[in-house]
Amino acid sequence: ELSNQEITEALTPAHLQRIREVKNQRKVLQESDTTLASEEGRLDDDLKRNDQELLMIESWVEELGSARTRIEELKEARRPRAEIKLQVEETPSPEPQKVEEESPPPPDQNRPKQKKKTSGRKGGLSRRFALRGLT
């Protein structure tokens, strides 16, 4: 058998260069393996997150479907009342009832119009609701 020293002495510069190349390739492959492992972990996390989001969306779709069903049920329950109301309106009453509506008093032409005052804060929803009284 040859000793390590004999082997080292027998190597030519081309052999040494090839050994360096193989070591560099091994180092690059190890770094690639590490990068791939971390990327695989990240992709697994993304896949789990996507699965959770998909389950959440599916539950929303189910809720929307049940809400639509409930709306349809309520509409169906409401239709008979509307039909009854139509029947009552179509049936003439024995004595027409006159309802006298009071007309608002005529505005005083000489008096200037008063501006309505708003209450509430000056921003956001409160303002929106406060301004409803102005229209």
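Laboratory data are not the source of any read-out in this text; all were calculated from the coordinates shown. No experiment lies behind these values; they were computed from the predicted model shown. Cβ atoms come from the backbone with ideal geometry, glycine included; neighbour counts cover every protein chain shown.
At full extension, R49 and E9 could sit 8.6 nm farther apart than now, given 0.36 nm per residue minus the alpha carbon distance.
The magnitude of the dipole of the stretch 4-78, with charges of +1 and -1 set on the Cβ of Lys/Arg and Asp/Glu and taken from the Cα centre, is near 280 debye.
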